[in-house]
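**Q** Below is one structure. I have some questions about it.
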Amino acid sequence: MTHVVAAGLIWAALWALNIRLSRGPVGQAARIAVPLIFGATILIVWELMVIGLDVPPVLLPRPRQIGAALAANPALLWGDFVQTVLRGALSGLAMGVAAAIVVAILVDRFDWLRRGLMPVASFLAALPIVGTAPILVMWFGFGWQSKAAVVVLMVFFPMLVNTVAGLADTTSMQRDLMRTYGARYGQTLVKLRLPAAMPFIFNGLKIGATLALIGSIVAEFFGSPTQGLGFRISASNGQLALDMVWAAIVVGSVAGSAAYAILTAIEARVTFWHPSQRG
Amino acid sequence: MRRSVLPVLTVLAVLLAVWYAACLPMNIREVLTEAERAGATIDPPAAIDRRDMSRLALALRNPAHAGLSWSQDRARLPAPHQVAAEFWQTTVVEEGYSRRGIVQTGSLSNRSLVYHAWVTLSATAIGFVIGAALGIALAIGIVHNRAMDLSVLPWAVISQTIPIVALAPMVVVVLNAVGVQGLLPKAIISAYLTFFPVTVGMVKGLRTPDAMQLDQMRTWSASVPQVLWKLRLPAAMPYLFASLKIGVAASLVGTIVGELPVQRGGLGARMLAGSYYGQTTQIWAALFMAALLAALLIWAIVAIERRTLRRMGVAAL
């Protein structure tokens, strides 16, 4: 009971602190501190409530148990990370993005293709493509190849739709200028339209990175070697070792956020000319 | 619109043709084994030679048996008409003519795809509505409360970058352990997958009114609820519908994934059962049903969006 009361008090105290910090003009430090304090509050309250209410760890482990599981199995989780993120998601993302950009350039070149393919593509982009996982696992086996195949399919359509929209995002003034320079199609593509499409391509990449992680994890639920984040989640779930399940989810979440941060950093360098980057 | 009909139909026809063509190399090995058992001569005749040959080469050297690729039972890649037949069999025939169907018994047969689709759809829809409502509520809170804005919004944005659907099997198993079964666990998954995109989209939308418009409301001495109701919410509608479309797609995936660990109906259960027993046409039929559900849900949101925007006087739609 004391734990529950303590949880309530700590919640109230830290929330009051956040209200104070966010009053008036807010500096850069407070902008970082306030969400961190909020995150810490959630973890502390979670910890205390689980102890106070005697929640069995097979239902909800404490954050410290999850941390202990992370610290105790670094080699195991690193193996899962390599299997799911680097082999499955990353290779699939690379192939899917490359294919989508090539097709997008073709679609952009031939208007007939745009009218035929784009309605189909934007329809397919909204479908639960991850459902193809059981079929692709059957075709490509339990290894990372089947995960990469699922990721390619999931990433391809959103990436295609974004890139095509990006390639069309030049003004007639800019295109006219290229024509007065006597630029050929290839030159216009490389010097004007692909750079102009970059903000859209990065938008597609950010969506695709999350989808790639989801695809490779969910595909492992349909069959995997004894390694991988999805395997770890479903296997530890079966053993009711929920601290390991959470540890695997933490690894996946860190990978997703890191991918997003890396893409944002690259985007800032590539599209430095774009109004959203000049701020 | 009309200019697109012919190209779209052509693209679909090409896809269908590619599918039929792909059946040849995909199924040829099994077809040849079967034909050999039936007494046909095959090129090359020794099974050991065939093992190391590529599927494409086998298909090219045995054109006489190619036709069987489109009528294989448990094919690696079933032909489109086989999938269509399975779809028809498990929907119309099962419900309309079998003794377990809705026509005979008044309730859906648990062997029909309609039943499984209904299980998935009801969980998705309930969770989606709850998640969207909570998301809108939180967004309104964030816009009006600075402490909430600074504390919660960064986490909501980060949640978009993580594979949150991976939580789904755990939620289902844990809730099952405490005795909560059936619709609710899946609805919870569907709700939290809808919740985050709707929150982020709605915050963006509620903030679209610029300083000039907000000042105008102040000169009319509008109260905070009036500003919300008459300015912020209408301005947020396009953002709301955009994020609802993302949310509904995510929540359908979440429900399907949530059906994997507990085999009690639903399209996810159907797919996993199909993959265990090698019933590929069953997986494909379930996949098309899932696509149909997604299309239905998105169509419903687009229909509501059009009506809302038209009543608001947005002429473009």
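**Q** Give me a count of the residues in the stretch A:101-124 that are within 9 Å of another protein chain (Cβ to nearest Cβ) and either farther than 25 Å from residue A:189 by Cα or β-branched (Val, Ile, Thr) (or both).
**A** 3
**Q** I'd like to verify a number: residues in the stretch B:132-155 that are touching a Pro at 6+ places or on another chain (Cβ under 9 Å) and more than 9 Å from every other protein chain (Cβ to nearest Cβ), how many?
**A** Counting residues in the stretch B:132-155 that are touching a Pro at 6+ places or on another chain (Cβ under 9 Å) and more than 9 Å from every other protein chain (Cβ to nearest Cβ) gives 1.
**Q** Just checking, does the stretch A:130-141 include any residue being on the phi < 0 side of the Ramachandran plot, surrounded by fewer than 17 Cβ atoms within 10 Å (Cβ to Cβ) and in the same structural domain as residue A:77 (by TED's automatic domain parsing)?
**A** Checked against the condition, which is being on the phi < 0 side of the Ramachandran plot, surrounded by fewer than 17 Cβ atoms within 10 Å (Cβ to Cβ) and in the same structural domain as residue A:77 (by TED's automatic domain parsing), the stretch A:130-141 yields at least one hit.
**Q** If we keep just the residues of the stretch A:223-241 that are in contact (Cβ under 8 Å) with a residue 24 or more places away in the chain and crowded, with 24+ Cβ neighbours inside 10 Å, which is farthest from the chain's Cα centre (by Cα)?
**A** Result: A:224.
**Q** Still on this structure, please answer the following. Filter the stretch B:268-311 down to the residues that are under 21 Å from residue B:247 (Cβ atoms) and away from chain A (no Cβ under 11 Å) and list them by number.
**A** B:296, B:300, B:303, B:304, B:305, B:306, B:307, B:308, B:309
**Q** Please specify each residue of the stretch A:32-69 satisfying the condition of being touching a Leu at 6+ places or on another chain (Cβ under 7 Å) and part of a helix (DSSP H, G or I).
**A** A:33, A:34, A:35, A:37, A:41, A:50, A:63
**Q** Looking at residue B:78, is it within 14 Å of another protein chain (Cβ to nearest Cβ), surrounded by 13 or more Cβ atoms within 10 Å (Cβ to Cβ), more than 22 Å from the chain's Cα centre (by Cα) and at pLDDT 80 or above?
**A** Against the criterion (within 14 Å of another protein chain (Cβ to nearest Cβ), surrounded by 13 or more Cβ atoms within 10 Å (Cβ to Cβ), more than 22 Å from the chain's Cα centre (by Cα) and at pLDDT 80 or above), residue B:78 does not qualify.
**Q** Let me ask another. Quick one: in the stretch B:96-131, which of the residues that are buried (at least 21 other Cβ atoms within 10 Å of the Cβ) and free of Cβ contacts under 8 Å to residues at least 24 places away in the same chain is farthest from residue A:141 (Cα to Cα)?
**A** Here the residue is B:101.
**Q** Consider residue A:261 against the criteria (1) in a helix (DSSP H, G or I); (2) touching a residue at least 12 places away in the same chain (Cβ under 8 Å); (3) of a type outside the set (Lys, Arg): it satisfies all of them except one. Which criterion is unmet?
**A** (2)
**Q** Go through the stretch B:177-201 and give me each residue that's surrounded by fewer than 24 Cβ atoms within 10 Å (Cβ to Cβ), over 20 Å from the mean Cα position of the chain (by Cα), away from chain A (no Cβ under 11 Å) and assigned to a helix (DSSP H, G or I).
**A** Listed by number, the list holds a single entry, B:200.
**Q** Also, quick follow-up: If residue A:73 satisfies all but one of (1) free of Cβ contacts under 8 Å to residues at least 12 places away in the same chain; (2) more than 14 Å from chain B (Cβ to nearest Cβ); (3) within 28 Å of residue A:211 (Cβ to Cβ), what's the number of the condition it fails?
**A** Here residue A:73 clears every test but (1).
**Q** Let me ask something else about it. Residue B:48 is checked against (1) out of contact with any Lys or Arg (no Cβ under 8 Å at 6 or more places or on another chain); (2) modelled with pLDDT under 80; (3) of a type outside the set (D, E, K, R); (4) not in a helix (DSSP H, G or I) and fails just one. What number does that condition carry?
**A** Answer for residue B:48: the failing condition is (4).
**Q** Could you please let me know if residue A:248 is assigned by TED's automatic domain parsing to the domain that holds residue A:140 and in a loop (DSSP other than H, G, I, E, B)?
**A** Answer is no for this residue.
The values are calculated or read from the model by the stated rules, or taken from the named source; none is laboratory data. Given the structure is predicted, the values throughout are model-derived calculations rather than measurements. We place every Cβ from the backbone using ideal geometry, glycine too, and count neighbours over all the protein chains shown.
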